[in-house]
Amino acid sequence: MRPPGVQGAPGDEGLMYIATAALSACGGCENSLLSIGEPLVAFLSEHTISFSSLLLDRHSVSPSDVVLVSGCVRTTEELRLALEIDRTSRKIVAVGSCAVYGGVAGLRGPEPPQDERPDDTLPQVEPVAEPLDSRVAVELYVPGCPPPPRLIFDALKSVVEGYTPLHFDGTVCSDCPRTLPRGRTKSLTLHPGRGHDEDVCLLGKGMLCMGPVTRGGCRAACTSAGAACSGCRGPSDMVLSSQLHSVYSDTVACLARTSRQRPEKVAGQISTMLDILYLYTGGDPETRARAKERVPGD
Amino acid sequence: MIEDPEAGGARDPEVQKVRLYPVTRIEGRGDIEILFTPDQKVIEARFRGLDNRGLEKLVQGLPALRAPTVLARACGTCGTFHQLAACRALEAACGVEVPEAAGTFRELVCWLLLTASHLQTIAYLALPDFALPTSDAAVKNITGIYMVDQETIARLFAAMNAVNESVQCLAGNHFRPAVIVPGGVSAFPGRSERDLALELLEGCSSDLRETMRLAEMLTRRESRIMETGAPLTGHYMASTVEGIPELIGDEISISPFGGGETETVDPVAFIDSVEEHPVPWSGVVPLKVAGVDSTMVGPLARLNHGFGDDTPAAQLESMRCFEQWERPLDRESFFLVALACEAIRGLEKARGLTGELREVSASEKPCAEIEPAAGAGSAVVESPRGLIAHVLEVDDAGRIGSCRIMSPLQFNYTLMNRHLTNVARKNVRGIEVVDADAARLQFAVRSFNPCVPCGTH
């Protein structure tokens, strides 16, 4: 029998207090979670939702066993909320690439997006969009923009029920049904040209696809539909554990191997596209991405 | 929930403020601020968006072809619609024509996503207000309803899952499909995927009809037990073709709630006429159409414009609504039937488009070549929450020079806050705002289906 939850009274064995919160986010992670539908609602019905502004008319943060937090820390109000959750909860799960890496908000480095607000009751925007674990301890990471629903649900259940969650150490390519063409890729572009009507590797056809360097687990949802991987699940274990100690160098090396080009040529071709190599991993990918590549316990 | 006015930062010592934070069961974070006179009469109530994401600046300098991927992150619900708007703006800037079948596939994906989004909104965000209006927070939520009526919720989710699965088999995933690219789509689904999608969609018609009956019954009950307050005033607005709302229309139709002529505007002229009216107290920048005092966009606005005979079931349902409650539907509580009715329309549209897509020959190309060059373009599309517009400027290097996003919450903002003030004046008695009145105000906000991340982008 599991121990009672954080608010649990005798007789409440196994009853866990579950919460969700969104910091600076688009809401895609929460939508992904809610799209699970009946299995999620049935699961939540067996426990207690302690707070969730999306699901529940309760207005304050209260002690919880598990809090799913999406979004990065961008404003003073989000920082206050993150610290309060940290103080009152047992385990925090960082859901989505904004919470895990800083997300697209980290694209432009240390510059507030707009001028200071004239009304001092509005939250102040901080200079840098920070990933969640720069401020609070995170138990589990579920990267993705948004993560597939089943991965979020599995992470939630694993923390509540105490089992090891799914972990994907392969790349997007390991799930991708496309096959490498013969010959070398001549150049890399960001556009599918007149579209893809064959099951041929997108990178092999000359489209900049981040599949070879991106963590798998998404069942290659984008590439199987002919769209290039934009790297939303962050760097794969292979990239992060390589001896080159540089996400950039490893990315170039992997892209070169897959597209059968020399690394120098790949580096030259993507020199004008560096921003988009790190769309989701913030302004400092070499250090930030490396720090949270794995789920604790791996 | 109710804070000391001083902590809210009231600057004018004569004005007292009460803050209701956060507004629950909406996307993103927002609060309601109520301003009182010294003798505790409501001056104004306003919904405030508390985010500030700066996407318009983030995207500047990025390769134009990758901008739609980033702009899709404006919103978790309508992300694909932002992606479509950005692609169309780029295509306009570069003078590219999208292959007809690719346009069909784009619309198909978007109608499916609209349907799924409406069903999700009904289940999680709207239904608690209608099904358990006076219950405690511990019960007044999706799990509370599930425990009381498992069958209804199961039916609703079965329809949502069928739609989501059909998106998945057509476009790779349902949570943020990436198939929509500048110039068209990245690839067409195979014949077996199209057949499977059609089969899934055929199977959920009856579940949607049941959801419509539920919405109708709850709306009738709601209008009897709740003080509905003043009717909505201002204008309802949608992208239309010959007066009928479409995802991509060739005109913008603007009609007054109080009755009168419908005005139509060309989409490009419409974008030119949209003015920003920033307020210091919110992260949302209200938008106004020149010469129009306030507007409502979204499901209720589209329903009021009426549905065409290409979607007979939705047209029939809309006529039933108009017979019961008179057109235009001008009460906030009609929001639920508008969602249910439009979910039926989305399904009918999607079934028709899937059928069309099955006829696409293998030789048709899914995408047109596109080479970003200096220029500017704009696009207007309908999304689950209402009108979205993007204006993109591309520089000589093929990068984004400037970007402007217009979102549904911004278009709704003036009308919504005016309505909120009316509701507050009618219900709130003094700065000790009781829970029932706070719930009433939040209901008024939810009925506009606000998406704060989208509105503050």
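The values are calculated or read from the model by the stated rules, or taken from the named source; none is laboratory data. On a predicted model such as this, the values are computed, not experimentally measured, just so you know. Counting neighbours? That spans all protein chains shown, and the Cβs are built from the backbone with ideal geometry, glycine included. What goes into the accessible areas is simple: the full protein's heavy atoms, side chains included, and nothing from ligands, DNA or RNA. Shrake-Rupley method; radii C 1.70, N 1.55, O 1.52, S 1.80 Å.
Structure notes:
- If the condition is being of a type in the set (A, V, I, L, M) and within 7 Å of another protein chain (Cβ to nearest Cβ), then the stretch B:169-184 contributes B:Ala171, B:Ala178, B:Val179, B:Val181.
- Those residues of the stretch A:69-110 which are assigned to a loop (DSSP other than H, G, I, E, B) and open to solvent by less than 20 Å² (accessible area, probe 1.4 Å), in sequence order: A:Gly71, A:Gly96, A:Gly102
- Restricting the stretch B:116-140 to residues that are facing chain A (nearest Cβ under 9 Å) and among the small types (Gly, Ala, Ser), the residue that is most open to solvent (accessible area, probe 1.4 Å): B:Ala138
- Matching residues in the stretch A:215-234 - criterion: being out of contact with any Ser or Thr (no Cβ under 6 Å at 6 or more places or on another chain), open to solvent by less than 10 Å² (accessible area, probe 1.4 Å) and either facing another protein chain (nearest Cβ under 10 Å) or within 20 Å of B:Arg73 (Cα to Cα) (or both): A:Ala220, A:Ala221, A:Thr223
- Among the residues examined, B:Arg358 qualifies as basic (Lys, Arg) and either open to solvent by less than 20 Å² (accessible area, probe 1.4 Å) or more than 14 Å from chain A (Cβ to nearest Cβ) (or both).
Rundown of residues vs (1) under 24 Å from A:His167 (Cβ atoms); (2) modelled with pLDDT under 90; (3) among the hydroxyl-bearing types (Ser, Thr, Tyr), yes/no style:
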{"residue": "A:Gly211", "(1), (2), (3)": "yes, no, no"}
{"residue": "A:Gly217", "(1), (2), (3)": "yes, no, no"}
{"residue": "A:Ser224", "(1), (2), (3)": "yes, no, yes"}
{"residue": "A:Gly231", "(1), (2), (3)": "yes, no, no"}
{"residue": "A:Pro235", "(1), (2), (3)": "yes, yes, no"}
{"residue": "A:Val239", "(1), (2), (3)": "yes, yes, no"}
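- Under the condition of being part of a helix (DSSP H, G or I), touching a residue at least 60 places away in the same chain (Cβ under 8 Å) and within 17 Å of A:Asp275 (Cβ to Cβ), the residues counted in the stretch B:58-83 number 7.
- Within the stretch B:412-443, the residues that satisfy the criterion of being within 14 Å of chain A (Cβ to nearest Cβ) and not β-branched (Val, Ile, Thr) are B:Asp435, B:Ala436, B:Asp437, B:Ala438, B:Ala439, B:Arg440, B:Leu441, B:Gln442, B:Phe443.
- Qualifying positions in the stretch B:340-384 - among the charged types (D, E, K, R) and over 30 Å from B:Phe157 (Cβ atoms): B:Glu359, B:Glu364, B:Lys365, B:Glu369, B:Glu371
- Candidate set: the stretch B:425-441, residues that are touching a strand residue (DSSP E or B) at 6+ places or on another chain (Cβ under 7 Å) and outside any loop (DSSP other than H, G, I, E, B); chosen: the one most open to solvent (accessible area, probe 1.4 Å): B:Arg425
Every residue, every condition in (1) in a helix (DSSP H, G or I); (2) farther than 30 Å from A:Glu30 by Cα; (3) open to solvent by 10 Å² or more (accessible area, probe 1.4 Å), yes or no:
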| residue | (1), (2), (3) |
| --- | --- |
| B:Ala85 | yes, no, no |
| B:Ala89 | yes, no, no |
| B:Ala92 | yes, yes, yes |
| B:Val96 | no, yes, yes |
| B:Ala102 | yes, no, no |
| B:Phe105 | yes, no, no |
| B:Cys110 | yes, no, no |
| B:Leu114 | yes, no, no |
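- Meets criteria (open to solvent by 10 Å² or more (accessible area, probe 1.4 Å), in the same structural domain as A:Leu277 (by TED's automatic domain parsing), on the phi > 0 side of the Ramachandran plot and basic (Lys, Arg)) for A:Arg182: no
- Residue within the stretch B:13-36 that is assigned to a helix (DSSP H, G or I), within 11 Å of chain A (Cβ to nearest Cβ), over 30 Å from A:Ser271 (Cβ atoms) and in contact with a Leu (Cβ under 9 Å, 6 or more places away or on another chain) present: no
- Residue under evaluation B:Phe157, criteria (1) open to solvent by less than 10 Å² (accessible area, probe 1.4 Å); (2) without any contact (Cβ under 8 Å) to a residue 60 or more places away in the chain; (3) out of contact with any helix residue (DSSP H, G or I) (no Cβ under 9 Å at 6 or more places or on another chain), criterion not met: (3)
- Filter result for B:Arg106 (of a type in the set (Lys, Arg) and in contact with a Cys (Cβ under 9 Å, 6 or more places away or on another chain)): yes
Residues checked against (1) farther than 14 Å from B:Ala230 by Cβ; (2) open to solvent by 10 Å² or more (accessible area, probe 1.4 Å); (3) assigned to a helix (DSSP H, G or I); (4) acidic (Asp, Glu):
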residue	(1), (2), (3), (4)
B:Leu392	yes, no, no, no
B:Cys403	yes, yes, no, no
B:Phe411	yes, no, yes, no
B:Leu420	no, no, yes, no
B:Val423	no, no, yes, no
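- Which listed residue, of A:Gly193, A:Gly170, is more than 14 Å from chain B (Cβ to nearest Cβ) and surrounded by fewer than 19 Cβ atoms within 10 Å (Cβ to Cβ): A:Gly170
- Extreme residue, farthest from A:Pro149 (Cα to Cα), among residues of the stretch B:145-154 that are open to solvent by 10 Å² or more (accessible area, probe 1.4 Å) and either facing chain A (nearest Cβ under 8 Å) or touching a Ser or Thr at 6+ places or on another chain (Cβ under 7 Å) (or both): B:Met147
- Tally, over the stretch B:361-385, of residues that are among the small types (Gly, Ala, Ser), touching a residue at least 12 places away in the same chain (Cβ under 8 Å), open to solvent by 10 Å² or more (accessible area, probe 1.4 Å) and within 14 Å of another protein chain (Cβ to nearest Cβ): 2
- Residues that are touching a strand residue (DSSP E or B) at 6+ places or on another chain (Cβ under 9 Å) and among the aliphatic types (A, V, I, L, M), drawn from the stretch A:56-87: A:Leu56, A:Val61, A:Val66, A:Val67, A:Leu68, A:Val69, A:Val73, A:Leu79, A:Leu81, A:Ala82, A:Ile85
- Among the residues making up the stretch B:248-280, those that are in a loop (DSSP other than H, G, I, E, B) and buried (at least 18 other Cβ atoms within 10 Å of the Cβ) are B:Ile248, B:Gly249, B:Phe257.
- The stretch A:43-54 residues that are in contact (Cβ under 8 Å) with a residue 24 or more places away in the chain, paired with ones that are outside any loop (DSSP other than H, G, I, E, B) and acidic (Asp, Glu) (beta carbon under 6 Å, 6 or more apart): A:Leu54/A:Glu30
Here is a yes/no grid of residues against (1) open to solvent by 20 Å² or more (accessible area, probe 1.4 Å); (2) modelled with pLDDT of 95 or more; (3) closer than 29 Å to A:Gly103 by Cβ; (4) within 11 Å of chain B (Cβ to nearest Cβ):
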{"residue": "A:Ala9", "(1), (2), (3), (4)": "yes, no, no, no"}
{"residue": "A:Met16", "(1), (2), (3), (4)": "no, no, yes, no"}
{"residue": "A:Ala21", "(1), (2), (3), (4)": "no, yes, yes, yes"}
{"residue": "A:Gly37", "(1), (2), (3), (4)": "no, yes, yes, yes"}
{"residue": "A:Val41", "(1), (2), (3), (4)": "no, yes, yes, yes"}
{"residue": "A:Thr48", "(1), (2), (3), (4)": "yes, no, no, yes"}
{"residue": "A:Ser52", "(1), (2), (3), (4)": "no, yes, yes, yes"}
{"residue": "A:Val67", "(1), (2), (3), (4)": "no, yes, yes, no"}
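- Of the residues examined, A:Asp115 is one that is closer than 30 Å to B:Lys17 by Cα, modelled with pLDDT under 95 and more than 9 Å from every other protein chain (Cβ to nearest Cβ).
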